[in-house]
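Participant: Would you mind keeping the following structure in view while I ask a few things?
The values are calculated or read from the model by the stated rules, or taken from the named source; none is laboratory data. Please read all numbers here as calculations on a predicted model, not as lab measurements. When we count neighbours, we look across all protein chains shown, and the Cβ atoms used for this are built from the backbone with ideal geometry, even at glycine.
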Amino acid sequence: MKRIITIVFCFYSLVSFGQSDEEENQTVVFGRIGELTDEQISKSGSLKLNFVTDEEEAERLAKNDIKNRTPFLLLMSGVAPAIITTDSEFENKYGVYFYEYGCGGPEHEVIIAYNRLIFNFLTKRYGSKWKEEVRDDVIGLIKFPRK
């Protein structure tokens, strides 16, 4: 009897926790569901920053992301990423994506260099209005002039 129960539970766990990808090459990057493909994300500077140690290279990647319409605001958190309900509203309104590295990621100064160019892009396009609505935990925001 124990053997049958064990087999049933094992089978149930295999079937019940499976996931399927209904649309191939679709990825969720926080709130903007399905707007970026896996290919766009893999080509973005946010993933390449892990291998960058030079701030100039980080700035080049940020410029490229802006050009390709895939700019990210980079975050670092602990083990579990923090998703705020207003993230998707901000992303849709200002045309950027939040990308959270978790507890590991590129060097802090490299992230600041990348984000600084994205901050400048947002300021040129939207003025200072975006600064009032952006998450306070975006890396480098404290050093960026608020007014």
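Participant: In the stretch 72-82, how many residues are touching a residue at least 40 places away in the same chain (Cβ under 8 Å), part of a loop (DSSP other than H, G, I, E, B) and surrounded by 13 or more Cβ atoms within 10 Å (Cβ to Cβ)?
Facilitator: So in the stretch 72-82, the residues touching a residue at least 40 places away in the same chain (Cβ under 8 Å) come out as 72-77, 82.
Next, from what is left, pick out any that are part of a loop (DSSP other than H, G, I, E, B): 76-77, 82.
Applying the additional criterion that residues be surrounded by 13 or more Cβ atoms within 10 Å (Cβ to Cβ) yields 76-77.
The number of residues fulfilling the criteria is 2.
Participant: Moving on to the next point. For residues that are of a type in the set (D, E, K, R) and within 17 Å of Lys67 (Cβ to Cβ), scanning just the stretch 115-137, find the one that is surrounded by the fewest Cβ atoms within 10 Å (Cβ to Cβ).
Facilitator: Of all residues in the stretch 115-137, those of a type in the set (D, E, K, R) come to 116, 124-125, 129, 131-133, 135-137.
Still in the list and also within 17 Å of Lys67 (Cβ to Cβ): 116, 124-125.
Numbers: Arg116: 19, Lys124: 8, Arg125: 12.
Top of the filtered list is Lys124.
Participant: Being in a loop (DSSP other than H, G, I, E, B), in contact with a strand residue (DSSP E or B) (Cβ under 9 Å, 6 or more places away or on another chain) and under 17 Å from Pro71 (Cα atoms) is the filter here; which residues of the stretch 90-114 pass it?
Facilitator: Within the stretch 90-114, Val96, Tyr101, Pro106 meet the criteria.
Participant: Being touching a Lys or Arg at 6+ places or on another chain (Cβ under 8 Å) and acidic (Asp, Glu) is the requirement here; does Glu91 meet it? Talk me through it step by step, then tell me what you get.
Facilitator: On the way: touching a Lys or Arg at 6+ places or on another chain (Cβ under 8 Å): yes; acidic (Asp, Glu): yes.
In short, yes.
Participant: Still on this structure, please answer the following. For the stretch 111-141, enumerate the residues that are aliphatic (A, V, I, L, M) and within 20 Å of Pro81 (Cα to Cα).
Facilitator: Start the filter on the stretch 111-141 by keeping residues that are aliphatic (A, V, I, L, M), which leaves 111-113, 117-118, 122, 134, 138-139, 141.
Passing the criteria: Ile111, Ile112, Val134, Val138, Ile139, Leu141.
Participant: If you go through the stretch 57-70 one residue at a time, do you hit one that is within 19 Å of Lys143 (Cα to Cα), in a helix (DSSP H, G or I), under 15 Å from the mean Cα position of the chain (by Cα) and not aromatic (Phe, Trp, Tyr)?
Facilitator: Quick first cut of the stretch 57-70, residues within 19 Å of Lys143 (Cα to Cα) only: 58-59, 62.
Then drop every residue that is not in a helix (DSSP H, G or I), which leaves 58-59, 62.
If we keep only those that are under 15 Å from the mean Cα position of the chain (by Cα) as well, we get 62.
If we keep only those that are not aromatic (Phe, Trp, Tyr) as well, we get 62.
So far as the stretch 57-70 goes, yes, one or more of its residues are within 19 Å of Lys143 (Cα to Cα), in a helix (DSSP H, G or I), under 15 Å from the mean Cα position of the chain (by Cα) and not aromatic (Phe, Trp, Tyr).
Participant: Quick check, is Ser88 farther than 14 Å from Trp130 by Cα and at pLDDT below 95?
Facilitator: Working: farther than 14 Å from Trp130 by Cα: no; at pLDDT below 95: yes.
When the stated conditions are applied, Ser88 does not pass them.
Participant: Could you list all residues from the stretch 43-60 that are among the small types (Gly, Ala, Ser) and at pLDDT 90 or above?
Facilitator: So the first thing to find is which residues in the stretch 43-60 are among the small types (Gly, Ala, Ser), and the list is 44-46, 58.
Residue satisfying the conditions is Ala58 alone.
Participant: Collect the residues in the stretch 123-147 that are in contact with a Ser or Thr (Cβ under 9 Å, 6 or more places away or on another chain), part of a helix (DSSP H, G or I) and in contact (Cβ under 8 Å) with a residue 24 or more places away in the chain, keeping them in residue-number order.
Facilitator: Correct list: Trp130, Glu133.
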